[in-house]
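The values are calculated or read from the model by the stated rules, or taken from the named source; none is laboratory data. Computed from a predicted structure; not experimentally measured. Cβ atoms come from the backbone with ideal geometry, glycine included; neighbour counts cover every protein chain shown.
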Amino acid sequence: MPLLDPNRTYSFSEIAKMKAPTDEMLAEYGYSLERTLLDLPQYQGELDRSLDRRSRIEEVLPYIDFTNEQSRREMLIAPLMEDLIHYTRAQLRIEYILKVSDRLQGELDYLLRTKNNLLVVEAKQEDLTNGFTQMAVELIALDQWEKSTSVEQQPSLVGAVSTGTIWQFGVLHRQSKIVTQELTLYRVPTDLEQLMRILVAALSGSAIALLL
């Protein structure tokens, strides 16, 4: 029995609320899932804001109410988006409305665009598992979106889901229609520099060939 009713519409957030197994949900769209440890490429240049950003996060962490999604978004996720713009000059779209079909539609929390697309999704209620499912479905929507980069230009789409303090990556291999779930979790502020190097690499294009 299919998970999705062909006679109704679904938003990305509704997909997450269904709490369905990720592999079964992706199968509804003709994609498959694999879980593995990825050696994600990292930007090798200077990150001139890294130490200052870590210091600032460490300073405010004891005073943030982690039950409040707006606090996590504004105090932990949004500042990293600002740094990504600084490092890559990416165009940032927040709560960007995208519709590919009745089953692929909704708001993208953060869409960063250079010559590549990078998706960042806030895990609602700090639910990383179902947040990853939502992010994977949004990657599928980006893959099929008419304004997306071509498969030749960007063979792999990179996405990240975040609770603010924990980040997890996913990679959609567009030709094979496989979403790879990275098993490593990156913690903020402990792994902040490594996390930022992966995000910058994804936007700069250095991640693409190595992820095929």
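In region 113-123, which residues are outside any loop (DSSP other than H, G, I, E, B) and hydrophobic (A, V, I, L, M, F, W, C)? Please lay out each step first, then the result.
Start the filter on region 113-123 by keeping residues that are outside any loop (DSSP other than H, G, I, E, B), which leaves 113, 117-122.
Of everything in region 113-123, those that are outside any loop (DSSP other than H, G, I, E, B) and hydrophobic (A, V, I, L, M, F, W, C) turn out to be Leu118, Leu119, Val120, Val121.
Among residues belonging to region 47-71 that are of a type in the set (D, E, K, R) and at pLDDT below 95, point out the one that is surrounded by the most Cβ atoms within 10 Å (Cβ to Cβ).
As a first pass, look at region 47-71 and keep what is of a type in the set (D, E, K, R): 48-49, 52-54, 56, 58-59, 65, 69.
Next, only the ones that are at pLDDT below 95 stay: 65, 69.
Working: Asp65: 10, Glu69: 16.
Step by step, filter region 47-71, then rank; the result is Glu69.
Does at least one position in region 180-197 carry a residue that is under 26 Å from Glu69 (Cβ atoms), β-branched (Val, Ile, Thr), free of Cβ contacts under 8 Å to residues at least 60 places away in the same chain and not in a helix (DSSP H, G or I)? Walk me through it before giving the result.
Step one: of region 180-197, the residues under 26 Å from Glu69 (Cβ atoms) are 181-196.
Retained after the next criterion (residues that are β-branched (Val, Ile, Thr)): 184, 188, 190.
Those left that are additionally free of Cβ contacts under 8 Å to residues at least 60 places away in the same chain: 190.
Keeping just the survivors that are not in a helix (DSSP H, G or I) gives 190.
Looking for residues that are under 26 Å from Glu69 (Cβ atoms), β-branched (Val, Ile, Thr), free of Cβ contacts under 8 Å to residues at least 60 places away in the same chain and not in a helix (DSSP H, G or I), one finds at least one in region 180-197, hence yes.
Just one of (1) farther than 21 Å from Thr88 by Cα; (2) out of contact with any Phe, Trp or Tyr (no Cβ under 8 Å at 6 or more places or on another chain) trips up Ser150, so point out which.
Going through the list (1) farther than 21 Å from Thr88 by Cα; (2) out of contact with any Phe, Trp or Tyr (no Cβ under 8 Å at 6 or more places or on another chain), Ser150 breaks only (1).
If you scan region 132-153, which residues turn out to be touching a residue at least 12 places away in the same chain (Cβ under 8 Å), over 16 Å from Val100 (Cβ atoms) and surrounded by fewer than 22 Cβ atoms within 10 Å (Cβ to Cβ)?
Answer for region 132-153, where residues must be touching a residue at least 12 places away in the same chain (Cβ under 8 Å), over 16 Å from Val100 (Cβ atoms) and surrounded by fewer than 22 Cβ atoms within 10 Å (Cβ to Cβ): just Gln153.
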